[in-house]
Amino acid sequence: MQFELEFERIDSVIGVARSRGVELVFDTGHGIDKQGLWPMEVLVASLAGCLNLDLASAMTEAEYSVDRLTMEVTGHRDDSIPCIDTASYHIDVWSPRLSQKAADELLAYALGKSTIYNTLAKAIKLTVTVAVHRS
């Protein structure tokens with residue numbers, strides 16, 4: 001699969017990536033004028049998006065309904081290098097019949113199918129957990 005996007009630098013701190021009519025604003029600034037995401041936030045958000053779609057798809061294929069799925073992402077950047085050295089993803093899923101064991105198995109399956117996870121796991125320490133809640 002090939003992919004392509006365009007990137008345009010707008011000013012000293014803002015850039016925009018475009019693909020198929022969608023824009024993503026990058027902003028390396030700080031404070032109240034910050035208009036977009038830091039590039040490192042986009043990187044870890046990419047995995048969150050990938051896991052959200054892959055886990056929900058796996059649940060649907062296994063005939064579990066997904067009433068709600070949320071995710072919290074935390075991480076750390078080692079400023080001496082600089083690089084992201086850790087990222088943790090905690091997923092909360094609300095589904096009436098889903099057990100914790102089934103959720104863990106579906107998450108393992110989704111991680112195995114995730115392009116972003118399999119790419120990032122080679123470079124940084126990743127932790128991904130899931131907790132089941134009854135709807």
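The values are calculated or read from the model by the stated rules, or taken from the named source; none is laboratory data. Just so it is clear, the model here is predicted, and its values are computed rather than measured. Because the Cβ atoms are built from the backbone with ideal geometry, glycine has one as well, and the counts that use them run over all protein chains shown.
Scan 80, 88 and give me the residue that is of a type outside the set (A, V, I, L, M) and either in contact (Cβ under 8 Å) with a residue 24 or more places away in the chain or surrounded by 15 or more Cβ atoms within 10 Å (Cβ to Cβ) (or both).
Details: 80 fails: either in contact (Cβ under 8 Å) with a residue 24 or more places away in the chain or surrounded by 15 or more Cβ atoms within 10 Å (Cβ to Cβ) (or both).
None of the others qualify; the one that does is 88.
In region 1-13, the residues that are surrounded by 10 or more Cβ atoms within 10 Å (Cβ to Cβ) reach residues that are outside any strand (DSSP E or B) with C-beta atoms within less than 7 angstrom, at least six apart or across chains, in these pairs: 13/28; 13/29. Of the residues making up region 100-114, just one is at pLDDT below 95 and either farther than 22 Å from residue 66 by Cα or crowded, with 19+ Cβ neighbours inside 10 Å (or both), namely 114. Here region 14-37 is the region considered, the condition is being at pLDDT 90 or above and part of a loop (DSSP other than H, G, I, E, B), and the residue that is surrounded by the fewest Cβ atoms within 10 Å (Cβ to Cβ) is 21.
Taken together, the criteria exclude residue 54 from residues that are assigned to a strand (DSSP E or B) and either assigned by TED's automatic domain parsing to the domain that holds residue 10 or among the charged types (D, E, K, R) (or both).
Count of region 115-131 residues, restricted to those that are more than 14 Å from residue 52 (Cα to Cα) and either surrounded by 18 or more Cβ atoms within 10 Å (Cβ to Cβ) or in contact with a Phe, Trp or Tyr (Cβ under 8 Å, 6 or more places away or on another chain) (or both), is 3.
Test of understanding: among 63, 72, which residue is loosely packed, with under 12 Cβ neighbours inside 10 Å and touching a strand residue (DSSP E or B) at 6+ places or on another chain (Cβ under 9 Å)? Exactly one residue qualifies, and that residue is 72.
In region 55-70, the residues that are closer than 14 Å to residue 104 by Cα reach residues that are not aliphatic (A, V, I, L, M) with C-beta atoms within less than 7 angstrom, at least six apart or across chains, in these pairs: 58/109; 59/95; 64/95; 64/97.
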